[in-house]
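Heads up: the structure comes next, in structure tokens.
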Amino acid sequence: MISDAGPGEVLFNFTNPAHVADWRAINDGVMGGESSSAPEIRDGCLHFSGHISLENNGGFASIRSQQRMDLSTATGVILRVKGDGRRYQFRLYTDARYHESRIAYSCSFNTTAGQWLDVSIEFSSLEPVFRGRLLSGPAFNAASVEQMGFLLADKQQGDFHLLVDWIHAV
């Protein structure tokens with residue numbers, strides 16, 4: 001599922017359902033919300049699906065994979081995804097902290113319902129974010145990636161489903 005992260009190399013493919021154990025959900029329930037999601041690997045894809053609820057100041061669902069990677073020889077990633085027409089975020093996490101909590105480096109991408117898309121994300125386009133707030137820094141350090149994930153926080157209540165076929169470093 002994971003390889004050394006040289007340019008053009010596969011970081012993740014989802015051919016082994018047992019690798020779902022590498023992924024975990026973090027939803028707005030950590031702040032009292034009622035959204036739900038879960039990662040699942042089936043049919044050769046990672047499925048990120050669930051329900052966004054705006055109740056109790058909720059409104060986000062996310063999944064993360066916890067592996068350390070040195071992506072310093074890459075300039076970005078390409079994601080092969082099929083969505084539901086919603087706008088998702090791809091996120092990388094490093095050892096950078098803000099108020100002793102992990103910073104996310106985020107880039108949003110649109111999906112077209114039912115259509116496979118190759119989404120290119122340059123590391124230079126990643127923005128440091130903490131709990132939904134844009135930060136002025138620190139800069140993204142590709143050599144110290146600790147987690148990779150997806151988040152949905154589009155303020156639209158309802159079911160969602162994103163399929164990820166693979167993730168490549170470029």
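Values in this text are rule-based calculations from the coordinates and carry no lab data. For clarity, every value in this text was computed on a predicted model and none was experimentally measured. All Cβ positions, glycine included, derive from the backbone under ideal geometry; neighbour counts span all protein chains shown.
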Relative contact order of the stretch 1-126, pairs being alpha-carbon contacts under 8 Å that are 6 or more residues apart, as %: 20 percent
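Please rank 129, 30, 164, fewest neighbouring Cβ atoms within 10 Å first, as an exposure proxy. Write out the running numbers ahead of the final one.
Working: 129 17, 30 8, 164 24.
Final ranking by Cβ density, sparse to dense: 30, 129, 164.
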Projected-area average for the stretch 65-144 over all orientations - Cα convex hull basis, square nanometres: 5.6 nm²
